[in-house]
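Have a look at the structure below, then the notes.
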Amino acid sequence: METDRRLLRERVKSILRRLEKVAKQREQGRRARHRAEVPTVSLVGYTNAGKSTLFNRITEADVYAADQLFATLDPTLRRIDVPDVGATVLADTVGFIRHLPHDLVAAFKATLQETQEADLLLHVVDASDERFRENIDAVNTVLEEIEAADVPFLLVMNKVDALEDQSPRIERDDEGVPRAVWLSARDGLGIDLLFQALSERLGDNMVSFRLRIPPACIGRMHSAFYRMHCIQHEEFQEDGHLLLDVRMPESEWHRLEKRKTVR
Ligand SMILES: Nc1nc2c(ncn2[C@@H]2O[C@H](COP(=O)(O)OP(=O)(O)OP(=O)(O)O)[C@@H](O)[C@H]2O)c(=O)[nH]1
Ligand SMILES: [Mg+2]
C-alpha cells in the first residue's frame, strides 16, 4: 500500500509538471499567433456533442472521437483556411458538463485559456438530444465560470441527420449576422455553410486595395496574392503594369506590411 501510494504521488506530480509545461507552451503559441494576428476559433460544447467529429471533418485530421464521455482530454490545434480570412487556428477542446468540478477546471487550464482567448467560439450542440437546451445553458454557465462569457460565439446545431424536420442552413439575426449553423459533422452536411458563416463572422474587418505592380515584380507578387486567395480582379495595362484589386482581412494586410515582401 505504502509503495503504491508513493508511486501514485510521483505520478500525480509528474502529470502536474507536464500540465504546467503544456500550459506554458500554449501561452507562447498564443502570443506568437496574436503577434501574427492569426485568429483562433475554439470548439466548445457539452460532452458528446460532436466537437471532435466536426474538428476532424473540418481539418481532415484524425482526432480520436468516440461515443463516450471525455473522449478528448487534451486540446488539439490545427490550421485551417477560411475564405476571405485566411489562416485560422482551430482548437478542439474537452467537453463541458454540468457543475464542472473545480480541480478539473485547474487540470484543464490549457484548454480553458484557449477558450478565453479565442476570437470566436463554435458552441457545438447535439441538436438531436432532447435536453439540448439544458446542455446549452450548462455550457454557458461553465463559460461564465471560466470567464469566457464575453467571447463572441456561433452556435453549431450538430447531428441534423438524426432530425427529420431540420436540414443544413444558416440562421441569421435581424441584422443578417450568422448566429447558428445547422449541420451534420458525421455525414459532412452543411460544412460549406459553416465555412461561409465563419468567413462572415471573422472577416468583418476586410480591407480592399488597388495595386499597380511594375513588370519586374509581377511574377512574385501575383503568386503571393494568388496563394492568399485575395485577388478580386486583375488587368494588364498598356505599359506592362498589372492592376490588381485585392481584398483581405486587415490583420493579413498588417502582417504583409511587417514582412514587406510584397510591397
Ligand atoms: N448522428 C450523428 N452522430 C454524430 C454526429 N457528429 C458526431 N456524432 C457522434 O457523436 C458521438 C460523439 O462524438 P465526438 O466527436 O467524440 O464528441 P465530442 O463533443 O468531441 O465529445 P467529448 O470530446 O467527449 O466532449 C460519436 O459517436 C459521433 O459519431 C452527427 O453529425 N450525426
Ligand atoms: Mg472530443
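Across region 13-57, what is the total count of residues that are at pLDDT 90 or above, aliphatic (A, V, I, L, M) and in a helix (DSSP H, G or I)?
Looking only at that region, the number is 1.
Counting just the residues of region 147-170 that are charged (D, E, K, R) and surrounded by 14 or more Cβ atoms within 10 Å (Cβ to Cβ), which one comes out nearest to Ala87 (Cα to Cα)?
Arg169
Please enumerate the residues belonging to region 173-188 that are buried (at least 17 other Cβ atoms within 10 Å of the Cβ) and either part of a strand (DSSP E or B) or among the small types (Gly, Ala, Ser) (or both).
Pro178, Ala180, Val181, Trp182, Ser184, Ala185
Name the single residue, out of those in region 211-231 being out of contact with any helix residue (DSSP H, G or I) (no Cβ under 9 Å at 6 or more places or on another chain) and modelled with pLDDT under 85, that is surrounded by the most Cβ atoms within 10 Å (Cβ to Cβ).
Here the residue is His229.
If Glu238 meets every condition in (1) of a type outside the set (A, V, I, L, M, F, W, C); (2) part of a loop (DSSP other than H, G, I, E, B); (3) surrounded by 12 or more Cβ atoms within 10 Å (Cβ to Cβ) apart from one, which number is that one?
(3)
The values are calculated or read from the model by the stated rules, or taken from the named source; none is laboratory data. Computed from a predicted model, the values in this text were never measured in an experiment. Cβ sites come from the backbone with ideal geometry, for glycine too, and all protein chains shown count toward neighbours.
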